[in-house]
Amino acid sequence: MSDLLERLRRRGWRMTAQRRVVAEVLDGEHVHLTADEVLARATARLPEISRATVYNTLGELVSLGEVVEVSSVGRAKRYDPNAHSAHQHLVCAGCGTVRDVHPEGDPLAGLPEAERFGFTVTAVEVTYRGLCPVCGAEENPVEAGDA
Ligand SMILES: [Zn+2]
Ligand SMILES: [Zn+2]
């Protein structure tokens, strides 16, 4: 659950009309938009908003730690307002839909000391890839073992 606007209000973030629209576009659950998607949605709400303001605001929200950048190989960076609850991502290889998921147990349990090479591990990022129900239904049934 994202409460981005509420968090920003609480910390006294300077909320102009333009900056507010960027925060509103990002607020919500399972939101992982690219910068261009944020720009398109912000422009739909506030046509006079500038690209520079959108990009600068995104950068500021990231440096404040209220929005997290999610990088995915081969795809544009996405902006995630779910910044304060540890979670992993389930990504559709078809349409790019991203869901926040919360695996059970200690995420480090699967990595034995011998595999840590002396590192002190401070964060774990796991990406589960596959097809969402919509894309899965569009695929024709494939013969098993024909991967
Ligand atoms: Zn999909
Ligand atoms: Zn997320």
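When all alpha carbon pairs of the chain are counted in 5 Å bins from zero, the resulting P(r) reads 2, 8, 16, 17, 16, 14, 11, 8, 5, 3, 1, 0 %. Taking each residue as 0.36 nm, the span from residue 124 to residue 14 lengthens on full extension beyond its C-alpha to C-alpha distance by 36.4 nm. Taking R0 as 35 Å, what FRET efficiency do you get between residue 3 and residue 137 from their Cβ-Cβ distance, rounded to the nearest 0.05? Result of the calculation: an efficiency of 0.60.
Provide the net charge surrounding residue 21, with neighbours chosen by a C-beta distance below 12 Å and charges set as Lys +1, Arg +1, Asp -1, Glu -1. Local charge sum for residue 21: +1.
Cβ distances below 4.7 Å define possible disulfide partners, and in the chain the cysteines left without one are 95, 135.
Going by alpha carbons, how many degrees (0 to 90, nearest 10) lie between the helix axis of 51-64 and the longest principal axis of the chain? It is inclined by approximately 60 degrees. Against the compact-protein benchmark of 2.2 N^0.38 Å, the Cα-based radius of gyration of region 86-140 scales to 1.49. Panel order for 106, 27, by other beta carbons found within 10 Å of each beta carbon, from fewest to most: 106, 27. Taking the DSSP bridge list for the chain and keeping only pairs wholly inside it, about 70 percent are antiparallel.
Take every pair of alpha-carbon atoms less than 8 Å apart whose residues are at least six positions apart; their mean separation over the length of the chain yields a relative contact order of 20 percent.
Every number in this text was worked out from the coordinates using simple rules, so none of it is lab data. The structure displayed is predicted, hence computed values, not measured ones. We place every Cβ from the backbone using ideal geometry, glycine too, and count neighbours over all the protein chains shown.
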